[in-house]
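Colleague: Pasting in a structure now, in structure tokens, and then I'll have a few things to ask.
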Amino acid sequence: MNLLESFRIALRALNANKVRSVLTMLGVIIGVAAVILLVAIGTGVQEEVTGSIEGLGSNLMFVFAGNFEGGGGAGGPGVSITRQFTADEADLLDRRLSKDDIVVPVVQGPLILKNGNRTWRTTVAAGNEFSTEVFNSTLEEGRFFRRSEVTAGSRVIILGSSVKDELFPAASPIGRTLSVNGQRFMVIGHTMAMGGSLTGDQDNQVYMPYTTAQKLLGTRDLSSIVVQAGSSERVEVVKSQIERILKPSYGDEFTVFTQEQTLGIFEQLLGTLTVMLAGIAGISLLVGGIGIMNIMLVSVSERTREIGIRKAVGARTYDILSQFVIEAIMLSVLGGLIGIAIGAGGAYALNRLVPMQITAWAVVMAFFFAAGVGIFFGVYPAFKASRLDPIEALRYE
Amino acid sequence: MGESDERDPAPVSDGITGVDATRCNGARVVLQACDVTKFYQLDEVEVRALRGASMSICEGEMLSIMGPSGSGKSTLMHIIGLLDRPSSGSVIVEGEEVSHMTPNELSAVRNRRIGFVFQSFNLLSRTSALANVELPLIYSGISGARRAKIAREALERVGLGDRLGHYSSQLSGGQQQRVAIARALVTSPSIVLADEPTGNLDSRSGIEVMSILQDLNSQGITVALVTHDSNVSAHAQRVVHLKDGLIEREEYVKNPIQAAQQLAEINAQGGDEE
């Protein structure tokens, strides 16, 4: 009896037991699809967050007043901020650092915007003329503020896309005026929609010169100083330069965060998330595997009788085994492929709600595990039964 | 010899084998069991199903193995049908000793030389009559159109030419047993063995099955069957009686019941009543 004949026998047997075949396949399908989907969610979220941080530019450094490394971690209870930075420190850095390195003094704070009877609460991210380099936003229309406007503290404002939609829903806001904390500002631009990210909703934000923001908020302090190194290779050099420049006046009471460090913290968090999702995926594989195993074991007595009949009329051990191996492989592979299709299709469809990223290792692992379980529990009982004397197999209860 | 003819057709021999039912009076021996025993453990009690049974099945005969339940007749049938292995003793199929054969060699002997009919039919469920009958041919390596043709002919031989595509569940018990008989004879075996072939059937279906077995026997096929029912064994030419795992005696039936005739009578009675 050749392999082709074994295939025909297996196909006939599968066809004769459609319900069992479908249930077995369902176990494989659910296991594979669940793993692919879950891992896709985990990876997708991780990629999105990592991407949005990396989008800021990997050669950015954030200089904050206060010692964050001494204890507690960022924002932790161990941080003591004795003295905030002012424009003087930004100027100092600007003068002492290389011309390739850009220094942006940053002021952040809450604002109330009014256009006629429309009122909107938002936050400001204020910087100098190099702000575009570090704020990671693209203009939809208009222009960014100039050096002269920074020096003069001009009342010009650039709106985030959702701020623009709220206050100027119909027409272009360029050249129009609005009230910011009671003062008149001119809109010179608005940004493209970015979507939310871990660094805040950039669409619900406005930009202006930091000098203007300081006047508006009634402070001389800066929230932070952002430094962009001329190239990513120079980040560590620039970091130590900054530390050397600020040390005489600030001692240890400041901290330089590189983008690398920020990314590291998030990646650690998201790595934990991925491990958790892999755990869930593992459990769903296990559940799927048990499902496959159950249906295989439930049908053992019927199948053992079938093996008894086949042996009684002359099937050899090889004939029995090849039939069952082929049956199990066909069910598992077909189920696995359908599972991959459903998992990938589901990931694609849900991508609008949750970021999804299909990973090859999840697909491969899910497929081989589910297929392996299906084949093992399909073949092993058959292997045992094929070694029985026909009469024992026929008597099997 | 005249003396023994009057008393008993088989003379009693010495020893535990009891009656010597191993001669064929010149005819070829198709299948032979020599001093076969079968012991097995059942809840720590040793059951001695067969305690040394010897018998022969002669070419062309229709033989019945008879005995009460627990006499070991089904066990004997399974052993000579190579579905089970004896604890000791030997089985010889057409001159070949099978005890040293590998499981695969035994499969080949079952496939080519022995057709087996079970009390409970043992057809593949959710599988057509034709596919069930084709099954032994698959394992003989006969493929395609030829296999279907041989299987169809076998089903026609048992009067089921119009039920080829029916599943076992769509057939009556008698019809299922006829499919099983077709499956048993489809590889043209040297012998057809039937274990209580009428045990699960109503009397009329039972008679039909016996009629088919007798018909096959009249066409030259050797048939051996096991039964506890003397009405059934009366269809055979020779009856071997089994008791407590030993051959007790054998007898020749002078005028075996002709199942075809019985059927005709039943049909005639049915006609009268109408």
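The values are calculated or read from the model by the stated rules, or taken from the named source; none is laboratory data. All values derive from a computational prediction rather than experimental measurement. Counting neighbours? That spans all protein chains shown, and the Cβs are built from the backbone with ideal geometry, glycine included.
Colleague: Just name the residue that is surrounded by the fewest Cβ atoms within 10 Å (Cβ to Cβ) out of those in region B:74-94 that are away from chain A (no Cβ under 14 Å) and in contact (Cβ under 8 Å) with a residue 60 or more places away in the chain.
Modeller: Initial filter on region B:74-94 (away from chain A (no Cβ under 14 Å)): B:88-90, B:92, B:94.
Among the residues that remain, those that are also in contact (Cβ under 8 Å) with a residue 60 or more places away in the chain are: B:92, B:94.
On the way: B:Ile92: 17, B:Glu94: 15.
Checking each candidate, the answer is B:Glu94.
Colleague: Let me spell it out: the conditions are (1) surrounded by fewer than 24 Cβ atoms within 10 Å (Cβ to Cβ); (2) closer than 24 Å to B:Tyr40 by Cβ; (3) more than 8 Å from chain A (Cβ to nearest Cβ); (4) in contact (Cβ under 8 Å) with a residue 24 or more places away in the chain, and B:Arg113 meets all of them except one. Which number is the exception?
Modeller: (2)
Colleague: Sticking with this one: Sort out which residues of region B:44-67 are outside any strand (DSSP E or B) and touching a residue at least 24 places away in the same chain (Cβ under 8 Å), and write them in order of number.
Modeller: Step one: of region B:44-67, the residues outside any strand (DSSP E or B) are B:44, B:59-61, B:67.
Answer for region B:44-67, where residues must be outside any strand (DSSP E or B) and touching a residue at least 24 places away in the same chain (Cβ under 8 Å): B:Glu59, B:Gly60, B:Glu61, B:Gly67.
Colleague: Select from region A:248-270 the residues that are touching a strand residue (DSSP E or B) at 6+ places or on another chain (Cβ under 6 Å) and part of a helix (DSSP H, G or I) and list them in ascending order.
Modeller: Within region A:248-270, the subset touching a strand residue (DSSP E or B) at 6+ places or on another chain (Cβ under 6 Å) is A:254-259.
Passing the criteria: only A:Gln259.
Colleague: Among the residues of region A:1-45 satisfying the criterion of being over 25 Å from A:Leu286 (Cα atoms) and either among the β-branched types (Val, Ile, Thr) or more than 9 Å from every other protein chain (Cβ to nearest Cβ) (or both), which is surrounded by the fewest Cβ atoms within 10 Å (Cβ to Cβ)?
Modeller: It comes out as A:Leu3.
Colleague: Could you say which residue among A:Glu302, A:Glu306 is within 14 Å of chain B (Cβ to nearest Cβ), out of contact with any Asp or Glu (no Cβ under 9 Å at 6 or more places or on another chain), closer than 30 Å to B:Phe116 by Cβ and surrounded by fewer than 21 Cβ atoms within 10 Å (Cβ to Cβ)? Even if it seems obvious, please write down each step before you answer.
Modeller: Values: A:Glu306 fails: surrounded by fewer than 21 Cβ atoms within 10 Å (Cβ to Cβ).
Answer to the check: A:Glu302.
Colleague: Next up: Give the residue that is nearest to B:Ser205 (Cα to Cα), with candidates limited to residues of region B:116-138 that are within 8 Å of chain A (Cβ to nearest Cβ) and of a type outside the set (A, V, I, L, M, F, W, C).
Modeller: Pass one, region B:116-138, residues within 8 Å of chain A (Cβ to nearest Cβ): B:116, B:118, B:122-127, B:131, B:135-136, B:138.
With the extra rule that they be of a type outside the set (A, V, I, L, M, F, W, C), the set shrinks to B:122, B:125-127, B:136.
Working: B:Asn122: 17, B:Ser125: 21, B:Arg126: 22, B:Thr127: 22, B:Pro136: 25 Å.
Applying the filter and picking the extreme gives B:Asn122.
Colleague: Any chance region B:29-48 includes a residue that's farther than 22 Å from B:Pro136 by Cβ and touching a Cys at 6+ places or on another chain (Cβ under 8 Å)? Write out each step before concluding.
Modeller: Filtering region B:29-48 for residues farther than 22 Å from B:Pro136 by Cβ gives B:29, B:32-48.
Adding the requirement that they be touching a Cys at 6+ places or on another chain (Cβ under 8 Å) leaves B:29.
Within region B:29-48, one or more residues are farther than 22 Å from B:Pro136 by Cβ and touching a Cys at 6+ places or on another chain (Cβ under 8 Å).
Colleague: Here's another thing I want to ask about it. Looking at B:Gly165, is it modelled with pLDDT under 95, away from chain A (no Cβ under 12 Å) and closer than 28 Å to A:Leu3 by Cβ? Steps first, please.
Modeller: Values: modelled with pLDDT under 95: yes; away from chain A (no Cβ under 12 Å): yes; closer than 28 Å to A:Leu3 by Cβ: yes.
Yes; evaluated as a whole, the condition is true for this residue.
Colleague: Against the conditions (1) surrounded by fewer than 15 Cβ atoms within 10 Å (Cβ to Cβ); (2) of a type in the set (Gly, Ala, Ser); (3) at pLDDT 90 or above; (4) assigned to a loop (DSSP other than H, G, I, E, B), where does A:Ala170 fall short? Just the number, please.
Modeller: Among (1) surrounded by fewer than 15 Cβ atoms within 10 Å (Cβ to Cβ); (2) of a type in the set (Gly, Ala, Ser); (3) at pLDDT 90 or above; (4) assigned to a loop (DSSP other than H, G, I, E, B), the lone unmet condition for A:Ala170 is (3).
Colleague: Scan region A:115-164 for residues that are under 16 Å from A:Tyr210 (Cβ atoms), β-branched (Val, Ile, Thr) and in contact with a Ser or Thr (Cβ under 8 Å, 6 or more places away or on another chain) and jot them down.
Modeller: Hits for region A:115-164 are A:Val150, A:Thr151, A:Val156, A:Ile158.
Colleague: Another question, if that's okay. Is region A:153-161 home to any residue that is out of contact with any His (no Cβ under 7 Å at 6 or more places or on another chain), in a strand (DSSP E or B) and touching a residue at least 40 places away in the same chain (Cβ under 8 Å)?
Modeller: yes
Colleague: Conditions: (1) assigned to a helix (DSSP H, G or I); (2) over 18 Å from A:Tyr380 (Cβ atoms); (3) out of contact with any Lys or Arg (no Cβ under 9 Å at 6 or more places or on another chain). A:Ile245 meets all but one. Number of the miss?
Modeller: (3)
Colleague: Can I ask one more? So, in region A:340-397, how many residues would count as being part of a loop (DSSP other than H, G, I, E, B) and within 35 Å of the chain's Cα centre (by Cα)?
Modeller: Filtering region A:340-397 for residues part of a loop (DSSP other than H, G, I, E, B) gives A:351-359, A:387-389, A:396-397.
Adding the requirement that they be within 35 Å of the chain's Cα centre (by Cα) leaves A:351-359.
Matching residues across region A:340-397 total 9.
Let's see how each residue does on (1) at pLDDT 90 or above; (2) touching a Phe, Trp or Tyr at 6+ places or on another chain (Cβ under 6 Å); (3) buried (at least 21 other Cβ atoms within 10 Å of the Cβ); (4) aliphatic (A, V, I, L, M):
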| residue | (1), (2), (3), (4) |
| --- | --- |
| A:Leu334 | yes, no, no, yes |
| A:Ala344 | yes, no, no, yes |
| A:Leu350 | no, no, no, yes |
| A:Gln357 | no, no, no, no |
| A:Ala360 | no, no, no, yes |
| A:Ala366 | no, no, yes, yes |
| A:Gly374 | no, no, yes, no |
| A:Pro381 | no, no, no, no |
| A:Pro390 | yes, no, yes, no |
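Colleague: I'd like to know if region A:314-322 contains one or more residues that are within 14 Å of chain B (Cβ to nearest Cβ), over 20 Å from B:Thr127 (Cα atoms) and outside any helix (DSSP H, G or I).
Modeller: The answer is yes; a qualifying residue exists.
Colleague: Another one. Filter region A:226-244 for residues that are among the β-branched types (Val, Ile, Thr) and over 28 Å from the mean Cα position of the chain (by Cα); which is nearest to A:Thr86 (Cα to Cα)?
Modeller: Narrowing region A:226-244 to residues among the β-branched types (Val, Ile, Thr): A:226-227, A:235, A:237-238, A:242.
The next check asks that each one be over 28 Å from the mean Cα position of the chain (by Cα); those that pass are A:237-238, A:242.
Numbers: A:Val237: 23, A:Val238: 20, A:Ile242: 15 Å.
The qualifying residue nearest to A:Thr86 (Cα to Cα) is A:Ile242.
Colleague: While we're looking at this one, here's another question. Select from region A:199-217 the residues that are part of a loop (DSSP other than H, G, I, E, B) and either modelled with pLDDT of 90 or more or surrounded by 13 or more Cβ atoms within 10 Å (Cβ to Cβ) (or both) and list them in ascending order.
Modeller: If we filter region A:199-217 for residues that are part of a loop (DSSP other than H, G, I, E, B), which is where we start, we get A:199-204.
Across region A:199-217, the qualifying residues are A:Thr199, A:Asp201, A:Gln202, A:Asp203, A:Asn204.
Colleague: Let me ask another. Any idea which of A:Thr274, A:Thr255 is surrounded by 15 or more Cβ atoms within 10 Å (Cβ to Cβ) and modelled with pLDDT under 75? Quick ask: steps written out before the conclusion?
Modeller: Details: A:Thr255 fails: modelled with pLDDT under 75.
Exactly one residue qualifies, and that residue is A:Thr274.
Colleague: Looking only at region B:139-159, decide whether some residue is at the interface with another protein chain (Cβ under 9 Å from one of its Cβ atoms), within 23 Å of B:Leu31 (Cβ to Cβ) and either touching a residue at least 60 places away in the same chain (Cβ under 8 Å) or assigned to a helix (DSSP H, G or I) (or both). Working first, answer last.
Modeller: Applying the first criterion (at the interface with another protein chain (Cβ under 9 Å from one of its Cβ atoms)) to region B:139-159 yields B:139-141, B:143.
Those left that are additionally within 23 Å of B:Leu31 (Cβ to Cβ): B:139-140.
This time we only want the ones that are either touching a residue at least 60 places away in the same chain (Cβ under 8 Å) or assigned to a helix (DSSP H, G or I) (or both), so: B:139-140.
Looking for residues that are at the interface with another protein chain (Cβ under 9 Å from one of its Cβ atoms), within 23 Å of B:Leu31 (Cβ to Cβ) and either touching a residue at least 60 places away in the same chain (Cβ under 8 Å) or assigned to a helix (DSSP H, G or I) (or both), one finds at least one in region B:139-159, hence yes.
Colleague: Still on this structure, please answer the following. Taking B:Ile207 as the residue in question, decide whether it is in contact (Cβ under 8 Å) with a residue 60 or more places away in the chain, hydrophobic (A, V, I, L, M, F, W, C) and crowded, with 19+ Cβ neighbours inside 10 Å. First the steps, then the outcome.
Modeller: Details: in contact (Cβ under 8 Å) with a residue 60 or more places away in the chain: no; hydrophobic (A, V, I, L, M, F, W, C): yes; crowded, with 19+ Cβ neighbours inside 10 Å: yes.
In short, no.
Colleague: Could you list, in sequence order, all residues of region B:224-242 that are among the charged types (D, E, K, R) and either surrounded by fewer than 21 Cβ atoms within 10 Å (Cβ to Cβ) or on the phi > 0 side of the Ramachandran plot (or both)?
Modeller: Taking region B:224-242 as the starting set, the residues that turn out to be among the charged types (D, E, K, R) are B:229, B:238.
Answer for region B:224-242, where residues must be among the charged types (D, E, K, R) and either surrounded by fewer than 21 Cβ atoms within 10 Å (Cβ to Cβ) or on the phi > 0 side of the Ramachandran plot (or both): just B:Asp229.
Colleague: Would you say A:Leu139 is surrounded by fewer than 17 Cβ atoms within 10 Å (Cβ to Cβ), free of Cβ contacts under 8 Å to residues at least 60 places away in the same chain, within 30 Å of A:Val354 (Cα to Cα) and in contact with a His (Cβ under 9 Å, 6 or more places away or on another chain)? Steps first, answer last, please.
Modeller: Numbers: surrounded by fewer than 17 Cβ atoms within 10 Å (Cβ to Cβ): yes; free of Cβ contacts under 8 Å to residues at least 60 places away in the same chain: yes; within 30 Å of A:Val354 (Cα to Cα): yes; in contact with a His (Cβ under 9 Å, 6 or more places away or on another chain): yes.
Answer is yes for this residue.
Colleague: Here is a further query. For the list (1) under 30 Å from B:Val179 (Cα atoms); (2) more than 14 Å from chain B (Cβ to nearest Cβ); (3) without any contact (Cβ under 8 Å) to a residue 60 or more places away in the chain, I need the number of the one condition that A:Leu297 fails.
Modeller: (3)
Colleague: If you go through region B:178-231, how many residues are away from every other protein chain (no Cβ under 14 Å) and farther than 19 Å from B:Met55 by Cα?
Modeller: 28
Colleague: Please work out if B:Leu263 is at pLDDT 90 or above and over 29 Å from B:Ala53 (Cβ atoms).
Modeller: Details: at pLDDT 90 or above: yes; over 29 Å from B:Ala53 (Cβ atoms): yes.
So B:Leu263 fits the description; yes.
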